[in-house]
Structure formats: C-alpha cells, structure tokens
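Before I ask anything, let me first share the structure, which is written out below as structure tokens.
No value in this document is a laboratory result; all are computed from the given coordinates. Since we're looking at a predicted model, the values are computed, not measured. No Cβ is skipped: glycine too gets one built from the backbone with ideal geometry, and neighbour counts run over all protein chains shown.
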C-alpha cells in the first residue's frame with residue numbers, strides 16, 4: 001500500500017495511468033478523507049493546470065451536491081489533493097452491483113438530485129464538461145448523489161473549442177457533446193453538460209451507451225450526425241415521456257435541448273410524483289418551466305434558406321458527378 005506522510009491509507013479506490021485515489025485518515029484527525037494524487041514524478045504542464053483547476057474551483061464552491069475540496073499539498077515529489085469523504089462510490093462502480101438494475105423510482109431520485117446540482121453549478125457560471133458515471137458519486141446507504149472532478153471545468157459562461165486530435169480532446173468521448181468535439185464551429189456553454197447528462201441517463205436506463213465504437217473518429221461522427229435509438233425502443237418498459245426527456249437532453253443542437261436545469265428538474269420531478277402516486281408515468285408537455293436566465297443568441301442562420309439550398313446542391317454535384325462517357 002502506498003505511503004503518504006501525515007495520512008494512514010485505508011483503501012485504494014482507483015489506480016490509473018495519470019492519477020490514483022485513496023481513502024485515508026489524517027494522523028491528526030479521525031475524519032476520513034479522499035486523497036487524489038498525480039502518478040508521474042514529472043507531470044505535464046496541462047496535467048498540473050487541470051489538477052490546480054480542480055482544487056481552485058472545488059475550494060471556492062459552497063454547493064452541497066459537489067465533493068468539497070480541502071487542501072492541495074506537495075509531498076514526495078507529487079501533488080496531492082485532499083477531499084471530502086462522505087462514503088460515496090462512483091456510479092460506474094455502483095451500477096454493476098445492482099443485479100436487477102435500477103428501478104424507475106431509484107433512477108428518478110438520482111436524476112432529480114443531479115438536475116439540482118447542475119442548476120447550482122450553472123448559476124455559478126461553471127461548466128463541468130465531463131459529466132459521466134465515473135464522476136458521479138452515490139452513498140449506497142443514503143442514496144445521496146454528489147458530483148466530483150472539476151479538472152477540466154470552466155468558470156466562464158461560454159468558451160470556444162478548437163478542432164483537436166480526438167485522443168487529446170477535453171472530456172470523455174463516449175459522453176462528449178457535439179460542440180465539445182470542436183467540429184461544429186460553435187461555442188461551448190452550460191448546455192454541453194445536458195448532452196453528457198443525457199448520455200449518462202441513457203446508460204443508467206438501458207445498461208449500455210447510445211453509441212459504441214472503438215474508433216475515436218467514428219464515435220465523434222456518431223455524436224455529430226447519428227440519431228440515437230430512443231430508450232423506449234431499447235427497453236419497452238421505460239415510459240415514452242422519460243425516453244423523450246433523454247432524447248431532448250441529447251439533441252445535436254444546444255438550442256433544442258433543455259435550456260435550464262430548473263426546467264429539467266421540473267419534468268423529472270413530475271415523472272417521480274406520478275410514479276409514486278399512481279404507479280405509472282403518463283405523457284405531459286415537456287419544458288413548461290424551462291426558462292433560462294441567460295441571454296444566448298442561437299448560432300444558426302436565419303433568412304438564408306435559398307443560399308443554404310444552393311450550397312448543398314453544389315456539394316451534391318461535386319460529391320456525385322455525372323458519369324463521363326469516356327469512362328464507359
């Protein structure tokens with residue numbers, strides 16, 4: 001077991017190429033903490049920036065639904081981040097333990113909590129940019145949900161993403177939004193988190209990801225252009241309205257997604273209330289409370305239908321030229 005001065009290591013929670021995570025007790029206290037440390041003796045500048053970013057954002061946030069950050073230390077030539085330990089494990093670890101899968105009520109309780117946490121984050125103008133089961137923690141006893149890992153999060157209402165090699169993109173390819181790939185010529189705002197949350201919901205409800213590929217470019221293409229199979233087509237036991245909520249979250253264009261976590265929470269809570277009171281979830285109008293407090297100009301063309309049609313027609317002519325008599 002790895003030794004860290006000043007701490008008694010109790011359990012190794014994660015061991016990866018870049019980071020390792022341990023549960024520990026400080027020698028001066030009986031309050032458990034989570035320690036996250038960089039594996040390399042000489043981490044890259046980018047890795048150091050991300051580690052520092054996680055500490056800075058976590059330290060200055062007072063939101064009950066995120067993991068509190070305590071200290072950033074330097075020991076044995078490694079940076080170590082100490083964080084709150086509330087007895088949680090990641091959803092990526094928790095889900096395989098559920099032999100029967102999640103019940104609808106259990107899922108909706110989790111989903112409502114996540115929507116409220118995102119609402120608090122977005123009110124602070126923070127874009128998480130890496131929502132996925134591995135970064136969502138659940139206490140198995142209390143079922144309390146918290147979000148962790150702000151290493152690539154942004155304290156900006158909006159940012160511009162550049163085209164990059166898919167192997168170095170910020171975020172996780174299986175959960176990344178179309179605009180976060182840098183291949184849509186549009187900025188990133190808080191609505192990128194809704195897409196990643198939609199992918200997470202899809203996985204929680206069906207047991208699999210909406211898009212599966214070992215090829216990074218193919219996966220990016222799926223996020224950009226391929227329509228996802230609705231959840232209720234994959235699992236007919238899922239109510240159609242809940243499937244519609246997830247499809248709305250995963251819309252390719254941010255303007256077609258939910259525009260506020262408050263509106264999302266309202267619809268999820270409606271589903272939960274119906275389920276608890278009647279045992280079923282019937283259809284209702286989505287987004288009735290979906291009102292954003294941000295002024296965002298849609299990034300699409302208006303009044304240019306003729307020009308767009310001409311461009312598409314020209315593209316089709318070039319891509320599919322008529323067969324030349326000389327080639328016959």
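Fewest to most neighbouring Cβ within 10 Å: what's the order for 149, 290?
Listed from fewest to most nearby Cβ atoms, that is 290, 149.
Oh, and also: Quick one: what Rg and Dmax do you get for segment 7-84 from the alpha carbons, in Å?
Reported Rg and Dmax, both Å: 12.4, 34.
Considering every pair of different Cα atoms, what Kirkwood radius, in Å, is found for segment 89-278?
For segment 89-278, the Kirkwood estimate is 16.8 Å.
Then there is this: Compare the peptides 311-321, 59-69 by average per-residue count of other Cβ atoms within 10 angstrom and give them in order, highest first.
Taking the mean over residues of other Cβ atoms within 10 Å, the ranking is 59-69, 311-321.
Another question about this same structure. How large is the helix-only mean residue ellipticity at 222 nm for the chain, computed as the sum of -39500 (n - 2.57) over DSSP H runs with n ≥ 4, divided by its residue count, in deg cm²/dmol to the nearest 500?
Counting only the DSSP helices, I get -11000 deg cm²/dmol.
Still on this structure: Projected area of segment 201-294, taken from the Cα convex hull and averaged over every viewing direction, in nm²?
Spelled out: convex hull of the Cα atoms, projected over all directions, averaged, 6.9 nm².
Rounded to two decimals, what is Rg over Rh for the chain when you use alpha-carbon atoms and the Kirkwood radius?
That ratio equals 1.02.
If you don't mind, there's one more thing I want to ask. Using the per-residue mean of other Cβ atoms lying within 10 Å as a proxy for protection, in what order, highest first, do the peptides 231-244, 4-17 fall?
231-244, 4-17
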